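Every read-out reported here was derived from the displayed coordinates using simple, explicitly stated rules and does not represent laboratory data. None of these values were measured; they are calculated from a predicted model. Here the Cβ positions follow ideal geometry from the backbone for every residue, glycine too, while neighbour counts run over all protein chains shown.
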Amino acid sequence: MWLFPGIIFSLGMLIPGKLSLKLQYDGDQVFHIVPETFQQVQHLQHLCSTLLLDLWKPQLPEDIRAGEDLHIRVPASLVQEVKDNLDHHMISYKVLIPDVQELMDQSMPKERSSHRQVPEGYVYTQYHPMEEIYQWMTQIQKSNSELVTQHYLGKTIENRTMYYLQISQPSEKTKKIIWMDCGIHAREWISPAFCQWFVKEILQNYKSDPKISRFLQNLDLYVLPVLNIDGYIYSWEKDRLWRKNRSPHMNGTCYGTDLNRNFNSSWGSVGVSYNCSSETFCGSGPESEPETRAVAQLIERKKSDILCYLTIHSYGQYILTPYGFTTEPPSNSEELMHVAEKAASVLMGKYGTSYKVGSTSLILYSNSGSSRDWAHMIGIPFSYTFELRDNGTYGFVLPIDQIQPTCEETMLAVTTIIEYVDQKYFPGGAVMLTSGSLGLSLCLNVLLTWTAS
Ligand code: ARG
Ligand code: ZN
């Protein structure tokens, strides 16, 4: 190990030709504090800004509030100092993660073998590096060519290709669209894991599950498994806690725009930073980033057909409705809430995981430029952000044994929303093509027409 001023690097695996310098978090701890008074809030804000501590929740020091959870990562070199300081100010704290690096190491796959890449052998209960997700996309469309197509979406700032998958049952009639993206924020690995799980589940079950077969008759599913590809790769190779994309700023002195602050929804107005070294840097202008533009252009082009926009993040366990930049509710907020509450209660039914539901600015924090707000503003009626597990115990470093339960419960919530949307816009139901039900519906039709006249 070499010690550079303030940062410890270590030689990663010494695989020939794959020498990597990866940021290490040995001995870093994550603290949980619930400040009790305004004085404590002020002190903590001061502490976070002067020691440049990494806030995990909330995102910005100004959003620290009395009575609300505060999660901070404290680098190993400052752990003792921070503890002494908190004791001195009689602020009680709990150590959530005693060693961040140890937790990170546990969620890395042990070996990479080729069987992991074939569709039947793809392991959905592990996190996958981007390379494998690219291969997975190719495989999944090859082996489900009757239903799945892969489409070009655009290029990232580092010139990688963005693709989305379209799940679409061949049909004569025009259908509506459900959009879902994952991986806007690089370090939220559970999010891409869920997009992959979602696709797998749909493909596995659409024939046997009447609910899925019903909505697939009316709806096409567009899934973008990783929106922020460069950031995701960077989080695998260089810094597990990277959040933003990898656009260079100020002649390469700082990197990355927070893509979920970069959309054209009251861009730059609240809960963002104009400093490119900040985690919430909103970019040089609305849609300044190629990843944002790529998504926005496709959605803009299809907006009259998109009924539902879902964007998957972690962590905190929330289903969030618009808006983040104003506390003014959207016109359909009651319905949005009703559907989200239903989804949260179905989710809880599986493993008891409790989700909070509500408008972002009211129950989490204010932020502008989010994709969810933008999607709603351009007229997509159902627009939600999911903040998946957990509640802070492991935060951004969710252990792999939680991938499966998280995905299972989230699947239930997401399908609840899709079913609602389906039934709202296609109330007549799906056309059942069995002769029996055809006869029955003909009878009913005759009967209804007759009673109506
Ligand atoms: N995924 C969210 C974001 O990056 C986090 C939301 C709140 N949770 C948290 N731990 N800060 O903006
Ligand atoms: Zn996020």
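Descriptive notes on the structure:
- Stokes-Einstein, applied to the Kirkwood radius of the range 130-425 over Cα pairs at a viscosity of 1.306 mPa s and 10 °C, places its translational diffusion at 84 µm² s⁻¹.
- Charge dipole (debye, nearest 20) of the chain; +1 at Cβ of Lys and Arg, -1 at Cβ of Asp and Glu: 1080 debye
- Nonlocal amide H pairs with Val270, under 5 Å, H built at 1.01 Å: Ser368
- Neighbour counting of Cβ atoms within 10 Å sorts the residues Glu408, Glu287, fewest neighbours leading, into Glu408, Glu287.
- The range 20-71: translational diffusion in µm²/s, Stokes-Einstein, Kirkwood Rh over Cα pairs, 25 °C, 0.890 mPa s: 207 µm²/s
- Given Lys142/Lys211; Lys22/Lys303; Lys173/Lys200; Lys173/Lys350; Lys302/Lys342, the pairs whose alpha carbons are separated by over 30 Å: Lys22/Lys303; Lys173/Lys350
- Cα principal axis extents for the range 29-107, largest first, Å: 38, 23, 20
- The phi-based Karplus calculation (6.51 cos²θ - 1.76 cosθ + 1.60; θ = phi - 60°) puts the 3J(HN,Hα) values of the range 310-319 at 10, 10, 10, 10, 8, 10, x, 6, 10, 10 Hz, whole numbers, x for Gly and Pro.
- Residues whose amide H falls under 5 Å from that of Leu227, counting only those 5 or more places apart or on a different chain, are Cys182, Gly183, Ile184, with hydrogens built in the peptide plane.
- Of the trypsin sites (Lys or Arg not before Pro) found in the range 149-242, those that fall in a DSSP loop while having at most 13 other beta-carbon atoms within 10 Å are Lys173, Lys207.
- Alpha-carbon Debye profile of the range 158-257, log10 I(q)/I(0) at 0.20, 0.23 Å⁻¹: -0.95, -1.12
- Helices of the chain meeting both criteria, an alpha-carbon length of 20 angstrom or more along the long axis and an average Kyte-Doolittle score not below -0.5, with helices taken as full DSSP H segments, are 190-205, 333-351, 403-425, 435-452.
- Ranked by how many other Cβ atoms sit within 10 Å of their own Cβ, fewest first, the residues Cys195, Cys182 fall in the order Cys195, Cys182.
- For Met162, nonlocal amide neighbours, meaning residues 5 or more places apart or on other chains whose placed amide H falls under 5 Å from its own, are Leu153, Gly154, Lys155, Thr156.
- Where chymotrypsin sites (Phe, Trp or Tyr not before Pro) fall in DSSP loop in the range 195-292, at most 16 other Cβ within 10 Å: Tyr274
- With 10 Å bins from 0: P(r) over the range 217-332, alpha-carbon pairs, percent: 12, 38, 37, 11, 1, 0
- Relative contact order [Cα under 8 Å, 6+ residues apart], the range 268-371, whole percent: 34 percent
- Normalised by the number of residues in the range 130-425, the average gap of Cα pairs under 8 Å and 6 or more apart makes the relative contact order 20 percent.
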